[in-house]
Ligand SMILES: Cc1cc2nc3c(=O)[nH]c(=O)nc-3n(C[C@H](O)[C@H](O)[C@H](O)COP(=O)(O)OP(=O)(O)OC[C@H]3O[C@@H](n4cnc5c(N)ncnc54)[C@H](O)[C@@H]3O)c2cc1C
């Protein structure tokens, strides 16, 4: 028999998120949507409540409350302000990706920046102008340069892409892809790796905000990586 009752911790997370959402988010959600103002203070407050790392180990600054608690928190925040919820969701996701796949050093250095709000937000650069539902069509390339990697390409519709202190960028590795030679997309989703790029890395630039019909408090931008110098801390594993 499956027990669908929420445990004490899950109830606490839900009540915490609900209280904050009703008190602090809902009253200004419509104004934020009209103005398109990015919710820096709101994200910082969510971090203070442990909601930027709900399913992340306590040792890395998270609440370690599990996926059910995370989904309860998301539901409460999204009910009040979907823009804040999108930025919150991507930040949690970026932290979880690093926890799951990062090196110990990457986890220790970067995850606390996300859970504490110091990084403002996390961003996840997968989609490209020609690669949405089918990321296997992506053309961004990564190649070794010195002791790091050089990324070249264009990402599209990246949530918090101009605000995030930690950006995960997906790119094609493999010998066939060089700056001179167009990426070989014939391998589909094989040969794609994830890189961690600190926000503000030289060569990484954000373009014009999408003028969306909704979720306007969440920034959605194209990201270009050109001649980004080696990123020794970054990156691939
Ligand atoms: C507000 C917003 C925020 C976003 N944030 C991010 C982000 O942070 N990071 C990121 O990487 N991306 C982000 N995206 C991009 C999002 O992931 C893509 O929009 C999504 O993957 C769909 O891609 P597309 O828009 O190119 O649509 P398309 O791939 O062109 O699809 C259009 C329609 O065709 C359908 N379709 C596609 N292929 C097939 C098929 N083979 N058979 C049948 N139907 C098909 C799709 O289901 C869809 O309904 C964001 C998008 C939005 C709108």
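The numbers here are math on the coordinates, done by the rules we state, and not lab data. Note that the structure is a prediction, hence the values are computed from the model and not measured.
Before moving on, here are some points about what is shown:
- Against the chain, whose longest principal axis is taken from its Cα atoms, helix 8-20 shows a tilt of about 90°.
- Among 107, 208, 155: highest mean-square fluctuation, GNM of the chain, C-alpha pairs under 10 Å: 208
- For the chain, the relative contact order comes to 20 percent (Cα pairs under 8 Å, sequence separation of at least 6).
- Between 0 and 90°, nearest 10: helix 26-35 axis offset from the chain longest Cα axis: 30
- Largest GNM mean-square fluctuation across 86, 54, 67, computed for the chain with C-alpha springs under 10 Å, falls on 67.
- Computed log10 I(q)/I(0) for the chain at 0.08, 0.12, 0.13 Å⁻¹: -0.31, -0.68, -0.78, from the Debye equation with unit scatterers placed on every C-alpha and solvent omitted.
- Rounded tilt (10° steps) of 66-80 against the dominant C-alpha axis of the chain: 80
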